[in-house]
Amino acid sequence: MRAMPISLDAPVLLRVVDDLAERGWSQQNLFLPQGLTLELAAECRKRSRAGELAPAAVGRGVSQEVREGIRGDRIQWIEPGESAPCDAYLHIMDSLREVLNRSLFMGLEEFECHFALYPPGAFYRRHVDRFRDDDSRMVSVVLYLNTGWVPGDGGELRLYLKGDVAHDVAPIGGSLVVFLSGDMPHEVLPAERDRLSLTGWFRRRPNEPF
Ligand code: OGA
Ligand code: MN
């Protein structure tokens with residue numbers, strides 16, 4: 001059994017909550033211990049080698065389609081019980097969910113999360129994470145899994161803050177970015193090498209069948 005690396009009231013979780021309340025986004029550069037980041041990166045590469053990652057689609061339900069001119073990453077959703085590092089991460093996200101609910105009364109009920117791998121040249125055009133016909137996604141969370149990332153490697157997450165001011169985040173291993181899903185346009189700039197991440201969303205209620 002793995003020792004849980006972050007407790008519920010860890011200062012880093014409270015910093016995320018404060019940032020979200022004040023400005024709608026947070027960036028924590030050393031969120032995860034390096035060991036867990038490396039294990040998650042290895043898990044993502046293993047799944048990729050096994051052919052388990054599939055081209056990501058845009059849209060939802062019947063209007064879902066793969067459009068590489070909009071996003072070129074390959075993804076696989078994760079579920080509890082699949083691997084120790086994934087479970088450790090899901091546990092930490094559950095702690096974050098509880099802290100968000102306790103401090104900001106967000107009523108978050110679920111966390112959905114996928115590995116994403118952007119091969120060289122892949123990008124994700126400017127978008128907002130909340131679907132037009134489903135407003136259950138409240139908070140977006142991206143954890144980066146790349147070691148030795150240097151500026152020329154590209155793949156920055158570009159957040160469009162108030163007044164459309166761009167803020168770029170390098171996808172450096174162990175860094176976490178959290179933002180409100182409803183009103184933060186963002187894009188992923190083209191990556192020059194494989195770019196690995198775990199991307200997830202806290203939802204306030206399960207999707208309604210439609
Ligand atoms: C997404 C997304 C950002 C990133 O998957 O919706 O915007 O930095 N990802 O990977
Ligand atoms: Mn997004």
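Quick one, what does Rg over Rh come out to for the range 27-133 if you take C-alpha atoms and the Kirkwood Rh?
Details: Rg = 15.6 Å, Rh = 15.9 Å.
With Rg and the Kirkwood Rh in hand, the quotient comes to 0.98.
For the range 11-204, what is the accessible area per residue in Å², given a 1.4 Å probe and the full set of protein chains?
Details: 8800 Å² over 194 residues.
For the range 11-204, the solvent-accessible area averages 45 Å² per residue.
Per residue of the chain, what 222 nm ellipticity follows from adding -39500 (n - 2.57) for every DSSP H run with n ≥ 4, rounded to the nearest 500?
One gets -8000 deg cm²/dmol as the mean residue ellipticity at 222 nm.
I need the chymotrypsin sites (Phe, Trp or Tyr not before Pro) found in the range 101-201, filtered to DSSP loop residues with at most 16 other beta carbons within 10 Å of theirs.
Counting only loop positions with at most 16 other Cβ atoms within 10 Å, the chymotrypsin sites (Phe, Trp or Tyr not before Pro) in the range 101-201 are 105.
With θ taken as phi - 60° and the coefficients 6.51, -1.76 and 1.60, list the Karplus ³J(HN,Hα) couplings across the range 105-119 in order, rounded to whole Hz; mark glycine and proline as x.
6, 7, x, 6, 10, 9, 10, 10, 7, 9, 5, 9, 10, 9, x
Whole-Hz ³J(HN,Hα) for each residue in the range 86-102, computed from phi via Karplus 6.51 cos²θ - 1.76 cosθ + 1.60 with θ = phi - 60°, x for glycine and proline: what do you get?
Working through the residues one at a time gives 5, 5, 4, 5, 4, 5, 5, 5, 5, 5, 4, 4, 5, 5, 4, 5, 5 Hz.
How long are the semi-axes of the equivalent ellipsoid of the chain, taking √(5λ) for every eigenvalue λ of the Cα gyration tensor, in whole Å from largest down?
Taking √(5λ) for each eigenvalue gives 23, 21, 19 Å, largest first.
Given the options 103, 80, 55, identify the residue whose Cα lies farthest towards the positive end of the charge dipole of the chain (+1 on Cβ of Lys, Arg; -1 on Cβ of Asp, Glu).
Highest projection toward the positive end goes to 55.
Please give the charge dipole size of the chain, origin at the Cα centre, charges +1 on K and R Cβ atoms and -1 on D and E Cβ atoms. Round to the nearest 20 debye.
The calculation lands at about 260 debye.
Mind ranking 13-24, 132-143 by how tightly packed they are, going by the mean number of other C-beta atoms within 10 angstrom, highest first? Please list the in-between numbers first.
On the way: 13-24: 15.8, 132-143: 18.7.
Result, highest mean Cβ count within 10 Å first: 132-143, 13-24.
Taking a ≥ b ≥ c as the square roots of the Cα gyration tensor eigenvalues, with a/c under 1.5 meaning rounded and otherwise prolate when a/b beats b/c, else oblate, which class fits the range 129-210?
Here the range 129-210 falls in the prolate category.
Run the accessible area of the chain with a 1.4 Å probe and give the carbon-and-sulfur part as a rounded percent.
52 percent
The values are calculated or read from the model by the stated rules, or taken from the named source; none is laboratory data. Quick caveat: nothing in here was measured; it's all calculated off a predicted structure. For neighbour counting, all protein chains shown are included, and Cβ atoms are generated from backbone atoms with ideal geometry for every residue, glycine included. SASA here: full protein model, heavy atoms, side chains in, ligands and nucleic acids out. Shrake-Rupley method; radii C 1.70, N 1.55, O 1.52, S 1.80 Å.
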